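Undergrad: Mind looking over this structure? Questions follow.
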Amino acid sequence: MIQRIQTLYLFLAAVCAVLPLFLPLAVLSCGPEALPGKATLWGFDDPSAAVSYSGNWVNLAAALLLGHSCLASLVTIFLYRNRNAQRRLCVLQLVLLTVACGLSAGYLCSLPDAVSIDRLSPAAFLPVVAIVAVLLALRGIVRDEKLVRSLDRIR
């Protein structure tokens with residue numbers, strides 16, 4: 001199980017899918033004084049108003065999709081004997097991560113006018129890294145399937 005490279009890729013995808021749930025996605029400038037704040041997947045802090053805004057359904061949906069993607073990645077690791085199920089779960093993960101990326105980007109673009117994004121943190125790009133890791137894992141799974149088929153022909 002661990003000797004297969006796709007196991008490492010799937011574990012990397014799981015880590016990259018769960019980290020944006022806990023790390024800030026962007027550093028913000030809030031209010032007329034341009035006080036620094038941070039935007040997480042759960043909402044953003046506005047120091048000028050001394051309030052933190054919780055997210056809406058978009059944030060919750062993105063968080064749920066990232067959590068399900070992490071869980072699917074960990075389940076996929078332990079399905080190493082069933083490559084067809086692994087392949088299907090990888091495709092499911094790609095869909096979940098793509099939708100989560102879109103929802104996260106939509107959330108960051110729909111921040112109020114009084115809030116401007118100074119810079120994106122590396123955590124904002126982790127779902128994209130997870131997508132690449134799942135694609136590499138899928139490539140390894142397909143390669144294993146071809147190897148098994150070629151060995152079956154020899155017998």
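Undergrad: Take the residues in the range 72-121 that are without any contact (Cβ under 8 Å) to a residue 24 or more places away in the chain and of a type in the set (A, V, I, L, M, F, W, C), then tell me which one is least open to solvent (accessible area, probe 1.4 Å).
TA: Looking at residues that are without any contact (Cβ under 8 Å) to a residue 24 or more places away in the chain and of a type in the set (A, V, I, L, M, F, W, C), I get Ala85.
Undergrad: How many of the residues making up the range 122-133 are within 29 Å of Val148 (Cβ to Cβ) and either touching an Asp or Glu at 6+ places or on another chain (Cβ under 7 Å) or surrounded by fewer than 16 Cβ atoms within 10 Å (Cβ to Cβ) (or both)?
TA: The number of residues fulfilling the criteria is 1.
Undergrad: Given the condition open to solvent by 10 Å² or more (accessible area, probe 1.4 Å), at pLDDT below 85, touching a Ser or Thr at 6+ places or on another chain (Cβ under 8 Å) and not charged (D, E, K, R), answer yes or no: does some residue in the range 6-29 qualify?
TA: The answer is yes, given that some residue of the range 6-29 is open to solvent by 10 Å² or more (accessible area, probe 1.4 Å), at pLDDT below 85, touching a Ser or Thr at 6+ places or on another chain (Cβ under 8 Å) and not charged (D, E, K, R).
Undergrad: Tell me, which residue of the range 110-144 that is at pLDDT below 80 and of a type in the set (Ser, Thr, Tyr) is farthest from Val18 (Cα to Cα)?
TA: Among residues in the range 110-144 that are at pLDDT below 80 and of a type in the set (Ser, Thr, Tyr), the one farthest from Val18 (Cα to Cα) is Ser116.
Undergrad: Leu151 is checked against (1) surrounded by 12 or more Cβ atoms within 10 Å (Cβ to Cβ); (2) out of contact with any Ser or Thr (no Cβ under 6 Å at 6 or more places or on another chain) and fails just one. What number does that condition carry?
TA: (1)
Undergrad: Then there's this: Look at the range 30-68 and say how many of its residues are within 15 Å of Gly106 (Cβ to Cβ) and either at pLDDT below 70 or basic (Lys, Arg) (or both).
TA: 2
Undergrad: Further, regarding this structure: Here are the criteria: (1) within 15 Å of the chain's Cα centre (by Cα); (2) at pLDDT 90 or above. Tell me which single one Gln86 does not satisfy.
TA: (1)
The values are calculated or read from the model by the stated rules, or taken from the named source; none is laboratory data. What you see is a predicted model; the values in this text were computed from it and never measured. Please note: Cβ atoms are built from the backbone with ideal geometry, for glycine as well, and neighbour counts cover all protein chains shown. Just the protein is used for accessible areas: all its heavy atoms, side chains included, with ligands, DNA and RNA removed. Shrake-Rupley method; radii C 1.70, N 1.55, O 1.52, S 1.80 Å.
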